[in-house]
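Chemist: Got a structure for you, written out below as structure tokens; questions coming shortly.
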Amino acid sequence: MNDIKERKARLQQLVADILQEAKAQGASAAEAGVSSDAGLSLNVRMGEPETIEHTRDSGLGVTVYFGQRKGSANTSDLSPEAVRETVRAACNFARYTSEDDCSGLADAGLMATDLPDLDLYHPWEQSVDEAIELAQTCEAAARDQDSRIVNSEGASVDSHAGLHVYGNSHGFISGYPSSRHSMSCAVVGQDGDSMQRDYWYSQSRRHEDLETPEAVGRIAAERTVSRLGARRIATGEAPVLFQADVAVGLLRSFLGAIRGSALYRKASFLLDHLDQRVFPEFVRIHEMPYLPRGLASAAFDSEGVATREQDFVSDGILRSYLLDSYAARKMGMQSTGNAGGVHNLRTTSGSLDLQGLLSKMGRGLLVTELMGQGVNTVTGDYSRGAAGFWVEGGEIQYPVEEITIAGNLKEMMLGLQDIGCDVETRTSVQTGSWLIDHMMIAGK
Amino acid sequence: MSDLIQIAHETLLAPTGLGESDLDRMLGELVGGGIDAADIYFQSSRLESWVLEDGIIKEGSHSIDQGAGIRAISGEKTGFAYSDELHLTPLIDAARAARAITRSGGAGTVKVAGLTSVRQLYQPINPLISLTESEKVELLRRVDAEARKQDSRVKQVMVSLVGTHDVMMVAATDGTLSADVRPLVRLNVHVIVEQGERREQGSSGGGARDSFQFLLDEERALVFAREAVRQALVNLEAVDAPAGTMPVVLGPGWPGVLLHEAVGHGLEGDFNRKGTSAFSGRIGEKVASSSCTVVDDGTLPGRRGSLSVDDEGTESQNTVLIEDGVLKGYLQDKHNARLMGVESTGNGRRESYAHLPLPRMTNTYMLPGSYDPQEIIASVDKGIYAVNFGGGQVDITSGRFVFSASEAYLIEKGKVTTPVKGATLIGNGPEAMMQISMVGNDLALDQGVGVCGKEGQSVPVGVGQPTLRIDELTVGGTGV
């Protein structure tokens with residue numbers, strides 16, 4: 001623990017030096033971030049270790065302002081010469097960029113002053129052999145689960161721990177250590193001519209919070225086998241239930257549309273929708289930056305602005321955009337502490353689990369996988385490849401693949417019937433399964 | 001010593017006082033004791049990017065990334081470690097960490113030798129200094145002005161200019177010593193147009209392994225601006241795309257992303273060694289209609305996806321993947337080639353020194369056929385003509401792929417008619433390839449903006465194809 005405190009002090013000093021150097025080179029304001037991370041990534045396949053990677057990454061990024069002109073530079077080399085050269089490069093760029101009224105550091109009054117320990121640092125003291133054994137257990141659980149599991153892409157264990165420090169010339173300098181561990185497994189199933197692959201993973205700040213290797217392997221195998229014999233369905237309209245892990249993608253698309261950078265460019269289908277209904281009344285979407293061990297917990301954003309508990313949507317009404325200080329100034333508003341993204345987002349969840357939602361839907365499509373990039377944030381047009389299951393009478397009938405689902409996000413959001421209590425917790429944006437009243441399905 | 005190796009020495013080794021004997025010593029740590037192969041990859045990469053938005057130069061940034069990655073292979077096992085410090089001690093530490101996949105220590109000697117003459121597909125230049133900063137800024141402003149003057153409905157123009165100067169050197173226990181200097185430039189234009197309440201977007205861009213002058217030649221940058229606006233205006237008129245299975249005609253050039261997704265990934269050596277691809281074990285079988293010949297060609301001079309040597313020091317090749325519909329070969333790096341008992345095809349690529357090499361595509365395209373493109377369109381009674389795409393994705397095990405159109409039209413009674421909103425096309429690789437019934441005589445390659453992602457690693461690639469007709473493909477619109 002002393003070691004990490006020492007390293008943190010060293011990185012804080014480095015940030016202070018960078019800011020000092022920027023000032024010495026004539027910058028009127030500057031900000032810098034430094035990070036350093038080390039870890040182990042390994043993969044076991046068919047029972048044998050396949051790749052063992054020792055990772056060690058460090059980097060610094062600096063942005064300087066000469067009045068309203070801005071320049072930035074970054075490097076993986078933290079030596080004093082490289083730092084000076086990097087600051088010089090940033091200052092050089094600031095000579096050629098334009099005056100921009102909205103550019104600059106975040107307002108000094110918004111800097112975080114309350115910096116609680118969010119319990120994000122739990123390094124995993126394990127040997128390479130122990131990690132290999134864990135991955136082997138995980139993969140074996142998947143391969144032993146069902147005789148139709150005929151091949152494997154393997155099981156992986158990843159563990160990383162590091163430090164991040166940010167500072168700016170308002171006098172704000174702060175940083176914190178964090179860790180992140182994950183375990184995943186992907187296997188191939190075969191039944192006759194049908195070959196399918198699927199995976200499962202678990203991720204957390206503390207390795208004790210990971211699902212057991214047996215559970216990860218078993219779920220990966222169950223998901224794979226359940227897809228065997230998938231067929232296409234006829235083109236037509238139907239209700240669609242997005243399983244929690246893919247519903248997260250819909251929530252992210254919504255966030256993309258209320259992000260300041262999309263709004264000031266008029267590149268969002270939610271332009272001018274503040275205080276308007278965008279979801280049914282039961283929906284609340286709120287941010288919780290201070291969750292202990294949360295995957296996206298942080299007391300300050302990437303500009304040093306204090307993060308806050310806030311609602312983006314309540315009673316189905318859009319209450320706030322998602323802004324950093326640049327976008328906020330562009331729009332005559334104030335930063336919402338979201339430079340760099342959101343910090344643990346959660347939606348309302350109802351009382352029904354996935355089975356309950358299937359019953360509620362009755363007849364329709366359960367989507368468990370989405371493919372491709374067919375989301376247009378400017379228009380809300382949505383058309384993506386999908387796989388999942390056809391549902392009749394609230395029961396899964398057979399697996400479905402090679403179809404697309406299409407609609408418009410604005411209508412899909414308003415057509416949201418329910419959100420399940422089966423909340424996906426492995427991501428920084430969390431929600432349960434989403435039942436949408438209807439979408440166009442293209443198949444045979 | 002060849003010129004390239006000389007440059008790489010001066011850029012990568014000399015600044016920290018590393019020399020030939022240190023290379024030999026590091027490799028010496030990596031031989032013997034059950035290690036079959038090992039390599040050290042040194043890299044220095046400088047990237048510069050500029051962004052124009054709202055008519056002003058909003059951002060300029062510079063990035064320096066350098067280090068060395070060390071890999072040791074024993075059977076199917078790979079150990080890997082890297083260091084961003086190009087000093088002997090951390091490099092020896094990394095070598096020992098990488099070789100820890102076997103229990104015994106290393107004790108051997110390796111003598112590397114550079115290829116005497118490597119065919120160079122691009123000049124070993126630093127593109128970042130090919131224009132002055134003022135000239136780069138001026139280029140961005142001209143592109144912005146060109147886009148805005150096309151039409152008063154243009155409301156937003158974003159232009160980005162990126163240049164990379166990449167110097168690499170790889171030394172391996174098989175005696176390989178190879179180096180490359182890889183310039184890469186790219187310009188992208190993105191516009192938003194507005195008409196009443198309706199807003200749409202369009203984008204275009206291009207680049208090459210060349211200096212920034214490439215973007216000025218033939219007014220290329222201005223052509224991209226005009227093209228982005230044209231595409232956005234077409235989308236203002238677009239109606240809902242139909243939903244269902246129908247004939248699809250794909251235009252020449254960038255729609256070749258179809259081949260990248262439907263064929264290319266499934267033919268990468270790693271998936272086929274493991275037997276997880278829909279194409280596994282099918283060499284010699286018919287996997288596409290007889291009119292299809294598909295190649296992966298890393299040897300095209302100056303192309304974005306081209307490489308004089310790959311990241312393992314193997315000279316790039318023109319590899320035939322499918323010939324007259326019959327599967328001919330896979331794309332190999334050294335590791336998978338050795339395990340499958342074949343030769344590397346020069347497709348071992350990595351995002352950087354901090355990533356492991358994988359079998360990857362370079363420029364993947366279909367050779368031209370005999371049909372006039374107009375004849376192909378005229379053959380369709382009711383279908384879709386898709387000419388521009390966003391990106392794609394493939395599940396190599398089931399063969400399912402998708403790609404999303406950013407510019408497409410209805411074909412009605414043999415004529416291209418109304419534009420339709422971005423529809424996603426979905427199919428199964430081997431099945432869709434069998435459905436290709438007409439191949440045009442108008443082969444075109446893309447303009448040089450492609451990025452391919454695999455296992456979290458991004459590398460620049462190229463695609464291309466002539467106009468072609470797929471008899472049945474599922475179109476994912478909302479209309480009927």
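Chemist: What is the residue count in region A:74-95 for residues that are hydrophobic (A, V, I, L, M, F, W, C), within 8 Å of chain B (Cβ to nearest Cβ) and surrounded by 21 or more Cβ atoms within 10 Å (Cβ to Cβ)?
Modeler: Step one: of region A:74-95, the residues hydrophobic (A, V, I, L, M, F, W, C) are A:78, A:82-83, A:87, A:89-91, A:93-94.
Applying the additional criterion that residues be within 8 Å of chain B (Cβ to nearest Cβ) yields A:82, A:89-90, A:93-94.
Restricting the remaining residues to those that are surrounded by 21 or more Cβ atoms within 10 Å (Cβ to Cβ) gives A:89-90, A:93-94.
Of the residues in region A:74-95, 4 are hydrophobic (A, V, I, L, M, F, W, C), within 8 Å of chain B (Cβ to nearest Cβ) and surrounded by 21 or more Cβ atoms within 10 Å (Cβ to Cβ).
Chemist: Now for a separate question. Looking at region B:37-86, what strands (runs of 3 or more DSSP E) fall wholly within it and have at least 1 residues that are more than 9 Å from chain A (Cβ to nearest Cβ)?
Modeler: Counting at least 1 such residues, we get B:37-53, B:56-74.
Chemist: Within region A:206-243, count every residue that is touching a Phe, Trp or Tyr at 6+ places or on another chain (Cβ under 8 Å) and of a type in the set (A, V, I, L, M, F, W, C).
Modeler: Number satisfying all stated conditions: 7.
Chemist: Just a yes or no: is a residue in region B:23-43 closer than 21 Å to residue A:89 by Cβ and modelled with pLDDT of 90 or more? First the steps, then the outcome.
Modeler: Pass one, region B:23-43, residues closer than 21 Å to residue A:89 by Cβ: B:43.
Of the ones still in play, those that are also modelled with pLDDT of 90 or more are B:43.
Scanning region B:23-43 turns up at least one residue that is closer than 21 Å to residue A:89 by Cβ and modelled with pLDDT of 90 or more.
Chemist: Ok, one more. If you scan region B:123-159, which residues turn out to be part of a loop (DSSP other than H, G, I, E, B), more than 30 Å from residue B:200 (Cα to Cα) and touching a strand residue (DSSP E or B) at 6+ places or on another chain (Cβ under 6 Å)? Steps first, answer last, please.
Modeler: Step one: filter region B:123-159 for residues part of a loop (DSSP other than H, G, I, E, B), giving B:123-126, B:130-132, B:151-153.
Those still in the list that are more than 30 Å from residue B:200 (Cα to Cα) too: B:123-126, B:130-132.
Selection gives B:124, B:125, B:126.
Chemist: Now for a separate question. Give just the number: which of (1) closer than 28 Å to residue A:196 by Cα; (2) within 14 Å of chain B (Cβ to nearest Cβ) does residue A:146 not satisfy?
Modeler: Of (1) closer than 28 Å to residue A:196 by Cα; (2) within 14 Å of chain B (Cβ to nearest Cβ), only one is false for residue A:146: (2).
Matching residues to (1) touching a strand residue (DSSP E or B) at 6+ places or on another chain (Cβ under 9 Å); (2) of a type in the set (A, V, I, L, M); (3) under 30 Å from residue A:150 (Cα atoms):
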{"position": "A:45", "(1), (2), (3)": "yes, no, yes"}
{"position": "A:51", "(1), (2), (3)": "yes, no, yes"}
{"position": "A:56", "(1), (2), (3)": "yes, no, no"}
{"position": "A:60", "(1), (2), (3)": "yes, yes, no"}
{"position": "A:63", "(1), (2), (3)": "yes, no, no"}
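Chemist: Follow-up. Of the residues in region B:330-349, how many are at positive phi and surrounded by fewer than 17 Cβ atoms within 10 Å (Cβ to Cβ)? Quick ask: steps written out before the conclusion?
Modeler: So in region B:330-349, the residues at positive phi come out as B:341, B:346.
Restricting the remaining residues to those that are surrounded by fewer than 17 Cβ atoms within 10 Å (Cβ to Cβ) gives B:341.
Number of matching residues: 1.
Chemist: Let me ask another. Here are some conditions: (1) crowded, with 17+ Cβ neighbours inside 10 Å; (2) in contact (Cβ under 8 Å) with a residue 12 or more places away in the chain. Residue A:373 meets all but one. Which one does it not meet?
Modeler: (2)
Chemist: Could you tell me whether any residue of region B:165-180 is at pLDDT 95 or above, among the charged types (D, E, K, R) and outside any strand (DSSP E or B)?
Modeler: Scanning region B:165-180, I find no residue that is at pLDDT 95 or above, among the charged types (D, E, K, R) and outside any strand (DSSP E or B), so the answer is no.
Chemist: Which numbered condition trips up residue A:195, out of (1) modelled with pLDDT of 95 or more; (2) on the phi < 0 side of the Ramachandran plot?
Modeler: The number of the failed condition is (1).
Chemist: Are any residues in region A:299-345 touching a residue at least 12 places away in the same chain (Cβ under 8 Å) and on the phi > 0 side of the Ramachandran plot, and if so, which ones?
Modeler: Listed by number, the residues that qualify are A:304, A:315, A:316, A:337, A:340, A:341, A:344.
Chemist: Same structure again: I'd like the full set of residues that are buried (at least 22 other Cβ atoms within 10 Å of the Cβ), more than 9 Å from chain A (Cβ to nearest Cβ), in a strand (DSSP E or B) and among the hydrophobic types (A, V, I, L, M, F, W, C), limited to region B:382-432.
Modeler: B:384, B:386, B:389, B:408, B:411, B:420
Chemist: On to the next question. Given the conditions (1) over 30 Å from residue B:102 (Cα atoms); (2) within 11 Å of another protein chain (Cβ to nearest Cβ), which single one is not true for residue A:36?
Modeler: (1)
Chemist: I've got another one for you. Is region A:211-219 home to any residue that is in a loop (DSSP other than H, G, I, E, B) and either surrounded by fewer than 22 Cβ atoms within 10 Å (Cβ to Cβ) or of a type in the set (Gly, Ala, Ser) (or both)?
Modeler: Our first condition is that a residue be in a loop (DSSP other than H, G, I, E, B); within region A:211-219, this holds for A:211-212.
Adding the requirement that they be either surrounded by fewer than 22 Cβ atoms within 10 Å (Cβ to Cβ) or of a type in the set (Gly, Ala, Ser) (or both) leaves A:211-212.
For region A:211-219, residues in a loop (DSSP other than H, G, I, E, B) and either surrounded by fewer than 22 Cβ atoms within 10 Å (Cβ to Cβ) or of a type in the set (Gly, Ala, Ser) (or both): present.
Chemist: Between A:405, A:436, which is touching a residue at least 24 places away in the same chain (Cβ under 8 Å), surrounded by 23 or more Cβ atoms within 10 Å (Cβ to Cβ) and within 16 Å of residue A:245 (Cα to Cα)?
Modeler: Unique residue meeting the criteria: A:436.
Chemist: For the condition at pLDDT 95 or above and under 24 Å from residue A:348 (Cβ atoms), what is the one hit in A:247, A:238?
Modeler: It is A:247.
Chemist: Which of the residues that make up region B:52-82 are among the hydroxyl-bearing types (Ser, Thr, Tyr) and buried (at least 24 other Cβ atoms within 10 Å of the Cβ)?
Modeler: The one that is among the hydroxyl-bearing types (Ser, Thr, Tyr) and buried (at least 24 other Cβ atoms within 10 Å of the Cβ): B:82.
Chemist: Same structure, new question: Might you check whether a residue that is closer than 30 Å to residue B:87 by Cβ, within 24 Å of the chain's Cα centre (by Cα) and at the interface with chain B (Cβ under 9 Å from one of its Cβ atoms) occurs anywhere in region A:61-73?
Modeler: Scanning region A:61-73, I find at least one residue that is closer than 30 Å to residue B:87 by Cβ, within 24 Å of the chain's Cα centre (by Cα) and at the interface with chain B (Cβ under 9 Å from one of its Cβ atoms), so the answer is yes.
Chemist: As an exercise: evaluate residue B:447 against (1) within 20 Å of the chain's Cα centre (by Cα); (2) assigned to a strand (DSSP E or B) and give the number of the one condition it does not meet.
Modeler: Evaluating residue B:447 over (1) within 20 Å of the chain's Cα centre (by Cα); (2) assigned to a strand (DSSP E or B) leaves (2) as the failure.
Chemist: On the basis of being closer than 19 Å to residue B:427 by Cβ and surrounded by fewer than 24 Cβ atoms within 10 Å (Cβ to Cβ), does residue B:274 make the cut?
Modeler: no
Chemist: Give the residues of region A:234-276 that are in a helix (DSSP H, G or I), closer than 21 Å to residue A:365 by Cβ and among the small types (Gly, Ala, Ser), sorted by residue number.
Modeler: We begin by selecting, within region A:234-276, every residue in a helix (DSSP H, G or I); these are A:244-258, A:260-264.
Now narrow it down to the ones that are closer than 21 Å to residue A:365 by Cβ: A:244-254.
Within region A:234-276, A:244, A:247, A:249, A:253 meet the criteria.
Chemist: Take residue B:12 and tell me if it is crowded, with 17+ Cβ neighbours inside 10 Å, at pLDDT 90 or above and assigned to a helix (DSSP H, G or I).
Modeler: yes
Chemist: Quick one: is residue A:416 within 24 Å of residue A:267 (Cβ to Cβ), away from every other protein chain (no Cβ under 13 Å) and among the hydrophobic types (A, V, I, L, M, F, W, C)? It would help to see each step written out before you state the result.
Modeler: Working: within 24 Å of residue A:267 (Cβ to Cβ): yes; away from every other protein chain (no Cβ under 13 Å): yes; among the hydrophobic types (A, V, I, L, M, F, W, C): yes.
Yes; evaluated as a whole, the condition is true for this residue.
Chemist: Another one. What are the pairs, 6+ residues apart or on separate chains, where a residue within region B:181-197 that is more than 10 Å from residue B:156 (Cα to Cα) has its Cβ under 8 Å from a residue that is among the charged types (D, E, K, R) and in a strand (DSSP E or B)?
Modeler: B:181/B:166; B:182/B:166; B:183/B:166; B:184/B:166
The values are calculated or read from the model by the stated rules, or taken from the named source; none is laboratory data. Keep in mind it's a predicted model, so treat the numbers as computed, not measured. We place every Cβ from the backbone using ideal geometry, glycine too, and count neighbours over all the protein chains shown.
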